[in-house]
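Notes follow the structure.
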Amino acid sequence: MDFATLLQVLDSTVRLATPLLLACLAGLFSERSGVIDIGLEGKMLIAAFFSAAIAALTGSVWLGLLSGIVSAMLLSGLHGLASITFRGNQLISGVALNFLAAGLTVLIAQDWFSQGGRTPSLLEGGRWAALTLPLAETLRPVPILGPIYYELISGHSILVYVAFLCVPATWWILFRTRFGLRLRAVGEAPEAVDTAGVSVVALRYAAIAICGLLCGLAGSYLATGLQAGFVKDMTAGRGYIALAALIFAKWRPWYALWACLLFGLLQAVALRYQNIDLGGFTIPVQFMDALPYILTVVILAGFVGRAIPPRAGGQPYVKER
Amino acid sequence: DPALIYDLGGKFDKSFNEAAFNGAERWAEETGGSYRDIELQSEAQREQALRRFAENGFNPIITTGFSMSTPISNVAGDYPDTKFVTIDGFVDPEEFPNVKSILFAEHQGSYLVGMMAAMASETGTVSFVGGMDIPLIRTFACGYAQGAKAVNSDIEVIANMTGTTPAAWNDPVKGSELTQAQISQGSDVVFAAAGGTGIGVLQTAADEGILSIGVDSNQNYLHPGQVLTSMLKRVDVAVYDAMTAGEDLETGVSTLTLEDNGVGYALDENNEELVSEEMKTAVDQAREEIIAGNTEVHDYREDDSCPVLDF
Amino acid sequence: MTDTAPAIELKGISKAFGPVQANKDISIRVMPGTIHGIIGENGAGKSTLMSILYGFYKADRGEIYVKGQRTEIPDSQAAIAAGIGMVFQHFKLVQNFTVLENVILGAEDGGLLKPSLAKARGVLKQLSEEYGLSVDPDTPVEALSVGHQQRVEILKALYRQADILILDEPTGVLTPAEADHLFRILDNLRAEGKTIILITHKLREIMDITDTVSVMRRGEMTATVKTAETSPQELAELMVGRKVLLRVDKEPAKPKDAVLSVRNLRHVDGDGVERLRGISFDLRAGEILGLAGVAGNGQSELLEVLGGYRDGEGEVLLNGAPLPLSGPGSDGQARRTAGIGHVPEDRQREGLIMPYTAWENTVFGYHHDPAIQRGAFMNNAAIKTEAAAKMERFDVRPPDPNLAAKNFSGGNQQKIVLAREIERNPDVLLIGQPTRGVDIGAIEFIHQEIVRLRDLGKAILLVSVELDEIFALSDRIAVMFDGRIMGERDPNETDQRELGLLMAGVTGDAGEDPIKTVDQSLDEKEHRAAGR
Amino acid sequence: MDKMPAWADAVLVPLISLLLAAILSALVILAIGENPIEAFNLMVEGALMRSAGWGYTLYYATNFIFTGLAVSVAFHAKLFNIGGEGQATIGGLGVALICLYIPWPHWSLALIGAALGAAAFGALWALIPAYLQAKRGSHIVITTIMFNFIAAALLNYVLVNLLKPAGQMDPASPIFPAATHLPTFQDMFATDAMPLFRGSPGNVTFFLAILACFAVWLLIWRTRLGYEIRALGHSESAARYAGISPVRTIVIAMLISGGLAGLMATNTAMGEAERLVMNATEGAGFIGIAVALMGRNHPIGVFLAAILFGFLYQGGAELALWTNIPRELIVVIQALVILFTGALDNMVRTPLERVFVAMRKERA
Ligand SMILES: Nc1ncnc2c1ncn2[C@@H]1O[C@H](COP(=O)(O)OP(=O)(O)OP(=O)(O)O)[C@@H](O)[C@H]1O
Ligand SMILES: Nc1ncnc2c1ncn2[C@@H]1O[C@H](COP(=O)(O)OP(=O)(O)OP(=O)(O)O)[C@@H](O)[C@H]1O
Ligand SMILES: [Mg+2]
Ligand SMILES: [Mg+2]
């Protein structure tokens, strides 16, 4: 593989890792607070739809983003209602929300646009434009570093940079602020938080709201950054891969970055090469497709370092039986 | 009344199914007739839709996509008075006399756009993004490569397929990534024969400033001035003709070729700047040659191989 | 001083959990600068009442006055603001947080952690000097011993400047020496003018340290008296509602050969901590061997290894034949087949399947018995008939085999477990906490059944946190500390004091200061725990 | 005392939840500008008023019975198996191999063979998640989700590279030999005078599903294994105390669960398509969750809930055929049913419990 190709693959890794990263951090906030979220997929999907739909109707990608975020946060709220307020099963709620998003997006898309469950293709203004970072052109001729800066680092849409900035931000919030301390505590021992005079419910709703926000960004990036419009089921399992990355990352922000980049790379490679020939032995593309899932199972099995989830994860906080 | 069943890609795929829809609309407009249509969403629905339409007296029942041929052969015997049409599919006419199979000479049309691609290319590399990896799509790719090589025997033709399952018809993200990869390999004209996936291909080509070639429908309007042309597959004509013939539709197998304008390339105000006189002359001449039988375009399906391209 | 307002006054507090009335119209006053004791049987509603005061639960009815002011306490925040701190029976700590993080949680000053942590570090240092509450602020809580975890809880309350401190059964998990240390701290706090409410089951503690004491029974407050004006006997009577006689009539044991021989038994738990460190003893037919010890020193694990609940290493012979201690044939069913019955310590978590009916529970663990099968299926009709008979004999009320186990009261649940295990006539019966949370009447019955089984020539190994019970039933007493048997005593030739020292890991060498030794051995224990 | 009588728990709560889901669905239909009552009539008309409609309804129901039972058997052991989808996918592979490579003399024998193959393959696919859960505590929800994706990739590979006949376009196995084709309801019940179930895919596996219901009932409430599975589900600590090996029981329960999910493939691959196609499961594994939740994990409940969902599916297909309501409406309804009967259960239950406690207090 020559340098240019390598750059191309890495470039596409960055693009493909971005929605994963946003969703993964979304899951991180939620699960760190003790609310398991297998509904990342659904939230991304609904955000993708609304950001594309509103962007198509108004021509403004920013309005699209806003409505994507709002819609994802609404789904988050529903998840909160089920799993925090009514102390239902968080897994079941997540499954239900994924279906809800899968159905509603097509239903509404069909009702609004009659294009078989997709939105019209977005034009300029309805999509995130690529940003050219300062000096990109100037530095381009510099050997090695120039192309890296020009091809790999510059030239993405703003959400990509936002996503990557979210990593240190998440770390800082989690480990350097009061909110972070409480958030981590509520996912480990909600009764300790409660008896310390802090509302478990409010904390968890806050976490879930952040989760919705980040899923909104992820969805918006999918439909209006990576693509130019919404198509049915366009998240295509990314929510689950994000979940897998979260486990891979042991619920930590920096690890999440590496996990998402790894899974992004796997996707980039699988996209680019149908079957990979390793001299006499061919890796079928289906194997590459399945690799993130296989890796997750291996991690879960504890063969590569054990992932210990937040202790109170998945359990509703019940004081009175 | 006639009925129309779209394949999983959906009515508005801007390509194959949409061409069928356009044909039906034209028929409805011109004759004032009405028809019923449905977009399939699941495998089990295929037979069900055929049966329900047949039971309710719709005739003929027109279907798009090769996946419908198996269900049609399951159903056709039960409704001998109903005529079924499978576009892109093949059902044995001996066994089921009430079925019409419509096929296209995709290799011929692809040959023409391949020539145009080679003439438009400045880098000497052109590329192809296919949908699902099936012989039909390989036929497109092979025709395209033959056309390109006919213009410039040194030209590099890159061909990639999106996937091996029907999901490959609807994966614009992957289409876009494949296009990026091809651009990095030097391609400056990309031909997408990939259904909904092609939207992503054309989009990326436009974003990255290279030329693209649409498929099935006229897709020139999607990115005016950036789509070199579209390889037309006149599904709309097939549907229009079938609807017009109505219950008297002649069954059997027919293949639509360059000769009967079943395939071709699109020229309109959106790409007139891009298609030079010289290009047009060359392509039209090649068309005549093919029709006349002087130029032989190899059909991949004949022997599952392509003389100028490895898959 | 009589005109000062009470630090705490509760008026007419009621609280129901679904159908269970945990508190009924309770009123209580606690004067500032005093230690007020609350006693009552299990389930009497003590914890519930205090949790209401701390805003953890919301009362259905009733009013709370703090320092004379009517105060609404809808949540713990309000309680903290009113100067109330609480150390719960089950600690409320974040296990993987450091001591410091646990202390500031909820009491941070401002959005960023750094200043809070720095400030807390200083305050903790000062508090530990003032009250002798030393803990390393940077150790994760999960690496601390129970005693030290409790200190963290107290520090949490003091850090929030609580002047009213509630402690719910603080000594249940402590050795006598640790308890003494705690009481010295409480004394100090009282001297500072703080008000303390102390929940305990131990009459001795009440008599030793409190100024006033309230007694609860079945959700009601039955009396509040000055400690100086009452006696343990009177309190016990108030607690259970009738005269108490904790004496079991039994013949001296006539032990025969050893049925169960345990040699050098070891057990390492899931966290890698060695819970049993070489246990050896013989259990003879026709005797009751009582195992005393502070909770957490390996008694439970010993029962569970013998009962097949956990794996172990070492040698165990049943009637001369070795028992597998891990791998196939070492589970609870194999033990039962071999003739070892097991009444677990926690009937609700282990002994019973709560949603199962009583009849289903009467074969639990014996459900592979060929006698209750009909072909490939279980012979439910036969099991039901049999269950009804067992329930009759053990006076389970109501005697309805179709009722789910969760719908029986604690005492009756225990009878179902005992009926199941005793009626099988095992050679060896392992019994953990036979009367925990069981009323006096049932206790007598259960004790008689245990003795009757002994007199039938069965071997019985008894674990109980109630020293009184150990004394009343055992023919021999072994004391466990930190996974070892510290010594064995004849109940007629020892007393609670001596056992208490053994339980603290002190073998009784005259020269040593018992308390220091305890602290040392605890530190050692902690280091091991922290090192894993 | 229980807070609520058993009948209320088993019937009243799911019924109210269902009602809420129905009301919300009606609102959704209104919102997209269609008439919910007409839509409902159309669904009933298409799914229940014609024998062919029933043929479809029962065909779908057969799938859902299998997956519903699969989910509920796992639920009894407190395992949340959302891998029904993958297990059914791999079950299909079992069916295909057995039908294609063994020369069966008669469909009945083929059905037995294929059912065994489907169950074995499905069980095998559940084995790894089960083992990892039991031995290493890997969360079974996550592992089964992952295995759904892995199954899809595996089937994709097998169909495209190994099973697909040369020259065939769609990724599907060859048609199974005629001797393995199962009798449909039409074959069984239609006469010349009464052409019942014409063309509908309902087939003899429906009776296999009923048999499975009965077998699961026997298993759960009449056998030692069922006793142990339920005990483990209620309390792992108690189960271990009683010498019930959690590892063994988890693995067996999941094997049974996976086997039941796998059995679904006899219906789709053998009964309907008569070949193995990609994505034949079409989400039935997930619908099993809704079915099990609604059916309160009891085979009778599962059976009834499966029929309900079969009706929804067939009715939804009819809607898509004759109106502009996309079939995704069914996905929305399904989501609402899962949401209300599963996640928002307490929203319905808690007020009801209060009513019952209050009523009891009054009587006392
Ligand atoms: N969270 C809860 N939900 C339902 N019932 C509860 C809850 N907490 C306590 N109860 C019930 O309320 C009653 C009183 O319990 P409480 O814990 O107050 O007793 P206690 O006096 O502290 O007992 P112990 O000495 O065992 O600690 C018991 O019957 C108990 O089962
Ligand atoms: N968690 C619970 N769930 C449902 N019902 C309960 C629960 N706890 C207690 N009950 C009901 O409350 C009644 C009283 O229970 P409790 O355990 O307080 O009895 P008790 O009076 O202490 O009797 P005992 O002395 O036998 O323990 C029981 O009959 C039981 O039906
Ligand atoms: Mg208590
Ligand atoms: Mg009790």
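The values are calculated or read from the model by the stated rules, or taken from the named source; none is laboratory data. Note that the coordinates shown come from a computational prediction; the quantities given were computed from them, not determined experimentally. Using ideal geometry, Cβ is built from the backbone for each residue, glycine included, and neighbour counts are taken over all protein chains shown. The accessibility values were calculated without ligands, DNA or RNA, using every heavy atom of the protein model including side chains. Shrake-Rupley method; radii C 1.70, N 1.55, O 1.52, S 1.80 Å.
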| message | Considering only residues that are of a type in the set (Ser, Thr, Tyr), in a helix (DSSP H, G or I) and buried (at least 24 other Cβ atoms within 10 Å of the Cβ), which ones fall in the stretch A:13-42? | response | A:Thr18, A:Ser30
| task | Read through the list (1) more than 9 Å from ligand 1 (Cβ to nearest atom); (2) open to solvent by less than 30 Å² (accessible area, probe 1.4 Å), then give the number of the only condition that C:Asn23 fails. | result | (1)
| remark: The correct count of residues that are over 12 Å from B:Asp7 (Cα atoms), aromatic (Phe, Trp, Tyr) and either out of contact with any strand residue (DSSP E or B) (no Cβ under 8 Å at 6 or more places or on another chain) or part of a helix (DSSP H, G or I) (or both) in the stretch B:40-73 is 1
| message | Yes or no: the stretch C:222-232 includes at least one residue that is assigned by TED's automatic domain parsing to the domain that holds C:Gln89, more than 24 Å from the chain's Cα centre (by Cα), assigned to a helix (DSSP H, G or I) and crowded, with 16+ Cβ neighbours inside 10 Å. | response | yes
| request: May I ask you to say which residue of A:Ala245, A:Ala236 is open to solvent by 30 Å² or more (accessible area, probe 1.4 Å), hydrophobic (A, V, I, L, M, F, W, C) and within 25 Å of B:Leu178 (Cβ to Cβ)? | output: A:Ala236
| request: Mind checking which strands (runs of 3 or more DSSP E) fall wholly inside the stretch C:253-314 and carry at least 1 residues that are within 18 Å of C:Ser464 (Cβ to Cβ) and not hydrophobic (A, V, I, L, M, F, W, C)? | output: C:288-292
| request: Could you figure out which of (1) open to solvent by less than 40 Å² (accessible area, probe 1.4 Å); (2) of a type outside the set (Ser, Thr, Tyr); (3) in the same structural domain as C:Leu430 (by TED's automatic domain parsing) isn't true of C:Arg284? | output: (1)
| query | Restricted to the stretch C:450-465, and to residues that are open to solvent by 30 Å² or more (accessible area, probe 1.4 Å) and either within 16 Å of ligand 3 (Cβ to nearest atom) or within 18 Å of C:Lys390 (Cα to Cα) (or both), which residue is modelled with the lowest pLDDT? | reply | C:Val465
| query | Can you name the residue in the stretch C:27-53 that is open to solvent by less than 40 Å² (accessible area, probe 1.4 Å), more than 14 Å from chain A (Cβ to nearest Cβ) and more than 16 Å from ligand 2 (Cβ to nearest atom) and, of all such residues, is nearest to C:Ser14 (Cα to Cα)? | reply | C:Ile28
| field | Scan of the stretch B:274-311 for residues that are without any contact (Cβ under 8 Å) to a residue 12 or more places away in the chain and within 24 Å of B:Glu122 (Cα to Cα), ordered by number | value | B:Glu277, B:Thr281, B:Asp284, B:Gln285, B:Asp310
| query | Does the stretch A:98-117 hold any residues that are at the interface with another protein chain (Cβ under 7 Å from one of its Cβ atoms) and either closer than 24 Å to D:Phe80 by Cβ or open to solvent by 20 Å² or more (accessible area, probe 1.4 Å) (or both), and which are they? | reply | A:Phe99, A:Leu100, A:Ala102, A:Gly103, A:Leu104, A:Gln110, A:Asp111, A:Gln115, A:Gly116
| message | Tell me the residue from B:Asn17, B:Asn22, B:Asn56 that is farther than 10 Å from B:Met243 by Cα, open to solvent by less than 20 Å² (accessible area, probe 1.4 Å) and among the polar types (S, T, N, Q), please. | response | B:Asn17
| Boolean, D:Phe356 is more than 8 Å from every other protein chain (Cβ to nearest Cβ), farther than 18 Å from D:Leu19 by Cα and in a helix (DSSP H, G or I) | yes
| task | Can you tell me which residue among D:Glu38, D:Glu85 is away from ligand 4 (no atom under 16 Å from the Cβ) and surrounded by fewer than 17 Cβ atoms within 10 Å (Cβ to Cβ)? | result | D:Glu38
| note | Checked D:Leu116, D:Leu132, D:Leu93, D:Leu155 against criteria (within 14 Å of chain A (Cβ to nearest Cβ) and modelled with pLDDT of 95 or more); the one match is D:Leu93
| note | The helices (runs of 4 or more DSSP H) lying wholly within the stretch A:43-158 that contain at least 1 residues that are in contact (Cβ under 8 Å) with a residue 40 or more places away in the chain are A:61-80, A:90-113
| query | Where residues in the stretch C:389-431 are over 26 Å from D:Ala6 (Cβ atoms) and within 14 Å of ligand 2 (Cβ to nearest atom), which of them is surrounded by the fewest Cβ atoms within 10 Å (Cβ to Cβ)? | reply | C:Asp395
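Every residue, every condition in (1) surrounded by fewer than 19 Cβ atoms within 10 Å (Cβ to Cβ); (2) in contact with an Asp or Glu (Cβ under 7 Å, 6 or more places away or on another chain); (3) without any contact (Cβ under 8 Å) to a residue 60 or more places away in the chain, yes or no:
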position: D:Ala61; (1), (2), (3): no, no, no
position: D:Phe75; (1), (2), (3): no, no, no
position: D:Gly91; (1), (2), (3): no, no, no
position: D:Cys99; (1), (2), (3): no, no, no
position: D:Gly117; (1), (2), (3): no, no, yes
position: D:Pro129; (1), (2), (3): no, no, no
position: D:Val141; (1), (2), (3): no, no, no
position: D:Asn161; (1), (2), (3): yes, no, yes
| remark: The condition of being within 14 Å of another protein chain (Cβ to nearest Cβ) and either touching a Pro at 6+ places or on another chain (Cβ under 7 Å) or near ligand 1 (Cβ under 9 Å from one of its atoms) (or both) holds, among C:Phe17, C:Phe56, only for C:Phe17
| field | Candidates A:Ala270, A:Ala244 - the one that is out of contact with any Ser or Thr (no Cβ under 8 Å at 6 or more places or on another chain) and within 13 Å of chain D (Cβ to nearest Cβ) | value | A:Ala270
